[in-house]
Amino acid sequence: MMQATRRWEMDAIGRERLTLATCEKPRPAADEVLVRVGAVSLNHRDKMVIESGRGLPLAYPFTPGSDMAGTIVELGEQVKGFAEGDRVISVFTPDWIDGRRPGNARTPAYRTLGGFYPGVLSEYLAMPAAWLVHAPRALDDAQASTLPCAGLTAWFALVERAGVKAGDRVLIPGTGGVALFSLLIAKMSGAEVIVATQPEKGERALALGADHWVDRSRDDWVEAVYALTDDEGVDHVLDVVGGDNLGVSVQLAAVGGHVCQIGALAGFDIASPAMPLMLKDVTIHGIGTGSRRALERFVRAVDQARLEPVIEARYTFAELPQALDHLERRPFGKIVIDVNDE
């Protein structure tokens, strides 16, 4: 008799094509493990894949979602390094182990879970053991599920690429998942943090450890950052906006500063005046999450620093449509689906 389980599926692009399907519980192959999924966190990218496909080669029926935490309940016969009962989290880019990202100048690699590969919005997953790392001991499944994309992106940008250190100044525009992870990681590193956000979120950012906030809805918010830094600017700018905002990021960067280009909410065609970029010797880092080894390093840092991810809301497995609606409202932190919620 078939052992049934549930997963979210799409048979074509579009929110209206999402269905909660009943299917056969998977069995792990020799190099795979079977994971009972505890929680899945949502990213803006997941919403984009569901609604537009983002030009990715989706194989239908397609299960969206990339970031999960769960418990191993069965091992394939060739699996080493894991045991039944181990808590694990997914690797967003499974083919990127360490060092340089796969791909070449003509075709950069973008083989991710919930995009090129099937996603994780399922009660049970059979997947290669190499696509998982051990979860932080200090976090529950809901918290741990926020690490693979948003958390790792912030870590990889600030720590492994830009080299944030104690005494640096960091500017974070916004209060979404990547932004708040960046705030926590920057403070963990001893940096001074300025958050540019709306008034209703500024005090909440201060409560999380930000040193200052500026009202991003004001036309003079750039001048406010200059005033806070005595015209020195900031050593690190996280640009989650894209479009023409890159020019603002370069404008705010200190001499010798770093801009981490992470998001493209305002468009993928980014632009900046060349003169301040050249005269200030600004380094621009293009950030597309990070490697498996970087995720393992981040997990160790989370446990050592007792870093606690910010979750605005949690939904049941059946409430995925409502969770996607919430994601549209630009939450303060992460949105999480509790998968095994009965």
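Every number here is computed from the coordinates shown, using simple stated rules; none is lab data. As the structure is a computational prediction, the values presented were derived from the model and not from experiment. Cβ: placed from backbone, ideal geometry, glycine included. Neighbour counts: every protein chain shown.
Residues of the range 241-286 that are within 22 Å of residue 109 (Cβ to Cβ) and of a type in the set (A, V, I, L, M, F, W, C): 260, 262, 264, 268, 270, 284.
Across the range 59-92, the qualifying residues are those that are more than 21 Å from residue 30 (Cα to Cα) and not hydrophobic (A, V, I, L, M, F, W, C), and the one among them that is surrounded by the fewest Cβ atoms within 10 Å (Cβ to Cβ) is 60. Can you work out which of the residues in the range 250-266 that are without any contact (Cβ under 8 Å) to a residue 40 or more places away in the chain and closer than 19 Å to residue 279 by Cα is surrounded by the most Cβ atoms within 10 Å (Cβ to Cβ)? The extreme case among them is 259. For residue 107, the conditions (1) of a type in the set (Val, Ile, Thr); (2) out of contact with any His (no Cβ under 9 Å at 6 or more places or on another chain); (3) within 28 Å of residue 313 (Cβ to Cβ) all hold with the exception of (3). In the range 298-336, what residues are crowded, with 18+ Cβ neighbours inside 10 Å and among the hydroxyl-bearing types (Ser, Thr, Tyr)? Across the range 298-336, the qualifying residue is only 315.
Quickly run through the range 161-177 and pick out the residues that are of a type outside the set (Gly, Ala, Ser) and either surrounded by 24 or more Cβ atoms within 10 Å (Cβ to Cβ) or under 17 Å from residue 239 (Cβ atoms) (or both). Lay out the reasoning, then the answer.
The initial filter retains those residues of the range 161-177 that are of a type outside the set (Gly, Ala, Ser), namely 161, 164-165, 168-173, 175.
Passing the criteria: 161, 164, 168, 169, 170, 171, 172, 173, 175.
What residue, among those in the range 202-231 that are assigned to a helix (DSSP H, G or I) and in contact with a strand residue (DSSP E or B) (Cβ under 7 Å, 6 or more places away or on another chain), is surrounded by the most Cβ atoms within 10 Å (Cβ to Cβ)? My answer is 205. Restricted to the range 32-93, the set of strands (runs of 3 or more DSSP E) holding at least 2 residues that are within 11 Å of residue 125 (Cβ to Cβ) and of a type in the set (S, T, N, Q) is empty.
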